[in-house]
Structures are given as structure tokens and as C-alpha cells.
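To keep things clear, I will list the structure first and then write my remarks on it.
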Amino acid sequence: MKNLYLLLFCSTNLLYAQYNSFYVSASSSVINVGQSITLLATGCNGSVSWFTNGTSNGQTGTSISVSPTVTTKYSANCTSPSKASTNEVVVEVTPCAANVNVSSGLTSGTHVFEASNQVSGSSFINANTNVHFKAGRQVSLNAGFEAKQGSIFKASIEACGDTSLLQTRRVTNSLSLPWEILWGPDDFIWMTEKVGKISRVNPQTGQVISVLTIDEVLNYGEGGLLGMVLHPDFTNSPYVYVVYNYGTTSAVREKIVRYTYNGTTLASPQILLDNILGSNIHNGSRLVITPDLKLFITTGDANNTSLAQNTSSLSGKILRINLDGSIPPDNPYSGSPIWSIGHRNPQGMVFANNKLYVSSHGPNIEDEINLIQKEGNYGWPNVDGPCDTPGEITYCNANNIIPPIFSSGGSTWAFCGLDYYNNSAYPAWQNHLLMVSLKNQTFYSFQLSNDGTSIIGAPTLYYASQFGRLRDIAISPDGKVYICTSNGGNNDQIIEIKATVN
């Protein structure tokens with residue numbers, strides 16, 4: 001079970017000695033992930049406004065409730081006719097406690113308890129309860145512990161957000177906003193850069209070999225050359241599929257194009273789908289090819305929320321086409337590439353366990369991970385995350401909305417690249433979704449249930465703010481993980497993560 005440790009730091013923008021009556025405090029110094037904590041601003045005779053990591057969060061008043069999941073700085077600003085002063089509280093997320101003792105009974109649901117040293121249990125687990133003890137060194141089941149019939153109990157010795165068992169290495173740098181990285185059958189990392197460049201990267205030497213620059217790409221706002229995928233039988237069908245924005249800044253469009261790799265460059269472009277409405281934001285644009293040789297495409301709402309529920313528009317959707325661009329006859333909307341609707345800005349997608357998982361950006365709350373179903377409706381713009389407000393519940397019941405299997409709650413992390421890990425090279429990540437985020441600048445692992453239909457517990461966080469904004473993930477056949485940054489300034493990089501022990 002991860003814990004949040006609060007470290008209090010105070011500062012003022014005037015002389016502290018003059019205004020030391022104004023301060024910020026926390027209602028508790030230690031809380032668990034998923035719980036809320038109250039922050040209090042005391043000693044202000046005027047108005048109090050709150051900031052998250054230096055940016056106004058729109059909250060005012062002498063107290064606020066927060067549920068941080070990564071290290072976060074909260075600032076309270078006091079403004080009165082006679083003075084102005086600011087104090088801060090930093091909420092720091094650590095991977096997990098050293099020891100955890102589970103001494104109360106567990107009667108329903110799914111529970112994951114993690115510790116860097118020992119997890120001990122002296123309680124009962126009722127039927128229909130799924131419990132996992134993860135410890136870095138020892139799991140201890142004491143007198144009184146009982147897993148009753150119908151329950152599921154798992155104990156494992158594995159890292160709890162502990163990167164001491166992981167090693168990082170910079171593969172290459174001086175990149176310009178890489179958007180897609182994937183492991184190719186030639187044992188190179190294939191990469192798109194938003195400016196329009198497609199390259200192969202040698203994972204050993206870091207050499208970047210350009211294979212094509214697409215002049216038609218409109219590099220505008222969040223748009224540009226975005227997603228890419230290779231044909232599964234690349235030896236016999238050396239096709240590279242890409243999605244990019246084109247047109248003008250006043251008429252942004254998006255297209256999917258297939259190229260043929262001749263061993264040196266990409267040639268013979270064939271347009272599979274075009275004239276999809278785009279924008280300077282919310283373009284989606286991940287690509288996945290499934291084992292039945294269908295191409296799935298994510299599209300954003302193109303900064304027009306009404307399009308996500310409109311089946312006459314391809315924006316705000318998950319699309320499905322054949323590899324030649326034709327429409328599969330078993331698509332839910334006859335003659336249309338639409339597979340599911342109600343998406344805001346899905347920027348991560350992976351097919352695993354015979355299931356399609358998608359990560360998506362929320363507006364200012366509720367980033368989501370969704371399990372995509374044929375003809376599914378995922379609610380945007382009428383629903384953010386789960387159906388948990390009266391209006392959302394009414395809408396969800398009336399429209400058969402499919403809730404996410406995970407959401408970020410009352411804040412956004414900017415979910416991005418998503419992949420599936422099941423390699424024995426690092427057992428702690430087996431049957432996990434791996435994801436990176438832009439805003440929170442963090443690498444996450446999410447444990448999936450055995451059937452792959454749900455996420456168990458809270459994610460484990462790695463490398464928070466260590467490399468900056470993170471855009472995508474690739475996994476090599478030998479279990480190494482590669483992530484790319486999205487910081488700009490022609491100084492982005494690809495980082496290799498590998499286990500130091502098996």
C-alpha cells in the first residue's frame with residue numbers, strides 16, 4: 001500500500017517575519033493513495049486562492065480537499081488590503097512504506113498491499129475478495145490469517161515502485177518531439193517525430209537513420225506526424241502505416257497513409273483514409289494492427305465536443321478498417337470505419353489478452369483507461385470518467401455508457417503512450433499495462449486482473465519528473481522498455497529501462 005508523506009515548506013513573497021501569522025497546514029501527515037487530505041490556510045484576513053504546482057487550480061477559501069497521486073506542490077495566496085503573502089505545502093508521493101500489517105478483515109472487492117520490506121497478515125479474507133500482498137523481502141501470514149473459500153489470495157516478492165532493480169540508459173538525444181516509438185522486426189526502434197520525420201534508431205549505438213520526411217505534414221499545435229505501426233508480417237509485407245495532419249491552420253485534416261519499405265526508404269504512399277477533421281489540439285492518432293489484420297485508429301474530438309457523439313463524424317472515435325483501407329463488413333455502423341464513440345483525445349492504445357485498451361486525456365479531471373468494445377459509447381462530452389454524478393448517472397443509464405477501468409479522479413495526468421508487459425525479464429510487471437504521462441511526467445505500471453477486464457489497485461509510479469514529459473513506450477522481445485520524452489527544444493531523448501535482476 002503506497003503512502004503519501006507530507007513535507008511542509010513555507011515561504012513568503014514579502015518579509016516572512018512581518019507576516020508569519022499566515023501559514024498552510026495539512027490535516028494529516030501520512031495518507032494512503034486514493035484518500036483525500038484537507039489543506040488549511042490559517043491567519044489570512046482577506047481572500048485565499050490556491051495553486052497547484054504554481055498554476056491556479058481555481059479553488060478559493062481557507063481549506064481545500066486534495067487527492068494527489070504524485071508529488072505535488074500546493075500554494076495558498078492570501079490577499080488583503082494591507083498585505084499579500086504566499087505559503088506552500090509539498091505533498092510527496094513515495095513508492096510504499098517499509099512494512100505493512102493487514103490486521104482488519106477484508107470482506108469484498110480487490111485489495112493490493114505493498115511494502116518495500118514486509119507485508120504481514122493477521123486477518124480474514126471473505127469470499128468474492130481478491131487480495132495481493134507484494135513485499136520486497138518477506139510476506140508473513142500470522143495467526144488469525146484465513147483466506148476463506150471463494151476468495152483469491154496472492155503473495156509475491158517483488159519491487160514496490162523500487163527502481164533499484166531497474167537500470168536506465170540514454171539511447172539517443174537531440175530529437176525533435178518524438179511521438180511514436182515501436183520495436184521493429186529488424187531489432188531497431190522505429191520512430192516518428194512530429195515535424196514529419198520517420199527514422200530507425202539503433203538501440204545499441206543510438207544512431208538515428210532517417211527513412212523519410214513527409215513534406216505534406218502540418219506541424220501545428222499538437223498536430224503533425226503522429227502514430228505509426230508496422231505490418232505484423234513485415235518480411236513479406238513491408239508496409240508502414242502512419243497518421244498525420246495536413247491542410248492549413250484554418251482547415252486542419254488528418255489522414256492515414258501506407259508506405260512500403262524498400263530496405264532504405266519509404267516509398268509508394270497509398271492513402272487509406274483521409275479528410276478526417278483535425279485541429280491544433282485533440283487529434284488522437286494511435287494505430288494498432290490486431291491479429292485478424294484490422295487497423296484500429298484513435299481520433300480526438302478535434303476541439304469540437306459535439307463530434308464525439310455524432311456518428312456522421314469520424315472525430316472522437318475509435319476507427320477500424322482493413323489494411324487496404326476498405327471497411328470491414330462486420331463494423332457496427334454499416335459502411336463506416338467507426339468502431340466506438342464518445343472519446344475526447346485518446347493518445348495511447350494497445351491490443352493484448354485479445355482485448356483493446358485505450359488511454360485518453362480528460363478535460364481537467366478524469367483521464368481514462370478504457371477497454372474498447374464494439375459499438376461502445378464512452379460518454380464524452382456528457383460524462384467525465386465514471387458515471388458518478390446525478391446527471392452522469394442518468395445519461396449513462398439512458399445511453400449504455402461504458403465506464404473506464406481506471407480514471408485519474410479529480411485531476412489530469414495527461415495519459416499518453418500505453419503498452420502491455422508480460423515478459424519474464426521483470427516479473428513485477430508481468431500482466432501489467434505500462435503507461436507514460438505528459439503533465440505528470442511519470443511512468444506507471446497497472447496490474448491487470450487475470451481475465452484482463454479490470455485494473456487491480458492503484459498504479460505504481462516510476463521516474464516522476466526525472467525525464468520531463470513522456471510521450472510513448474516500446475518494449476523489446478527481451479523485455480527491455482523504451483520511453484521517449486516530449487520536452488521540445490530539439491533535445492528530446494529515448495531512454496532504455498531494463499531489469500538488473502530476474
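The values are calculated or read from the model by the stated rules, or taken from the named source; none is laboratory data. Every value quoted in this text rests on a predicted model; they were computed, and no experiment measured them. Cβ sites come from the backbone with ideal geometry, for glycine too, and all protein chains shown count toward neighbours.
Values as computed for the structure displayed
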read-out	value
Which numbered condition Asn400 misses (of (1) over 20 Å from Asp292 (Cβ atoms); (2) in contact with a Lys or Arg (Cβ under 9 Å, 6 or more places away or on another chain); (3) modelled with pLDDT of 95 or more)	(2)
Qualifying residue in segment 323-343 (condition: of a type in the set (Phe, Trp, Tyr), farther than 20 Å from Trp179 by Cβ and in the same structural domain as Tyr241 (by TED's automatic domain parsing))	yes
Residues located in segment 171-188, provided they are over 27 Å from Asn236 (Cβ atoms) and either outside the structural domain of Pro238 (by TED's automatic domain parsing) or assigned to a loop (DSSP other than H, G, I, E, B) (or both)	Ser176, Leu177
Residue check, Ile401 in contact (Cβ under 8 Å) with a residue 60 or more places away in the chain, assigned by TED's automatic domain parsing to the domain that holds Gly376 and of a type in the set (A, V, I, L, M, F, W, C)	no
Hits in segment 317-338 - residues which are within 15 Å of Ile276 (Cα to Cα), of a type outside the set (A, V, I, L, M) and touching a strand residue (DSSP E or B) at 6+ places or on another chain (Cβ under 7 Å)	Lys317, Arg320, Gly325, Pro337
Residue, modelled with the lowest pLDDT, within segment 50-60, restricted to residues that are of a type outside the set (S, T, N, Q) and at positive phi	Gly54
Residue match in segment 441-459 (condition: hydrophobic (A, V, I, L, M, F, W, C), in contact with an Asp or Glu (Cβ under 8 Å, 6 or more places away or on another chain) and within 19 Å of Arg169 (Cβ to Cβ))	no
Of all residues making up segment 385-424, the number that are closer than 22 Å to Phe446 by Cβ and either assigned to a loop (DSSP other than H, G, I, E, B) or not β-branched (Val, Ile, Thr) (or both)	27
Residue identified as modelled with pLDDT under 70, surrounded by 14 or more Cβ atoms within 10 Å (Cβ to Cβ) and either of a type outside the set (A, V, I, L, M) or outside the structural domain of Ser411 (by TED's automatic domain parsing) (or both) among Val89, Val66	Val89
Elements of type strands (runs of 3 or more DSSP E) contained in segment 425-502, each with 2 or more residues being within 17 Å of Trp413 (Cβ to Cβ)	432-437, 443-448, 455-462, 470-475, 481-485
Flag for Val195 being surrounded by 19 or more Cβ atoms within 10 Å (Cβ to Cβ) and either out of contact with any Cys (no Cβ under 9 Å at 6 or more places or on another chain) or more than 27 Å from Tyr426 (Cα to Cα) (or both)	no
All positions within segment 233-268 that are under 17 Å from Ser210 (Cα atoms) and either in a loop (DSSP other than H, G, I, E, B) or modelled with pLDDT under 95 (or both)	Pro238, Asn262, Gly263, Thr264, Thr265
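Conditions (1) out of contact with any Asp or Glu (no Cβ under 6 Å at 6 or more places or on another chain); (2) among the β-branched types (Val, Ile, Thr); (3) closer than 30 Å to Val100 by Cα; (4) modelled with pLDDT of 65 or more, marked per residue:
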position: Asn13; (1), (2), (3), (4): yes, no, no, no
position: Phe22; (1), (2), (3), (4): yes, no, no, yes
position: Thr42; (1), (2), (3), (4): yes, yes, no, yes
position: Val48; (1), (2), (3), (4): yes, yes, no, yes
position: Thr62; (1), (2), (3), (4): yes, yes, no, yes
position: Ser75; (1), (2), (3), (4): no, no, no, yes
position: Ser82; (1), (2), (3), (4): yes, no, no, no
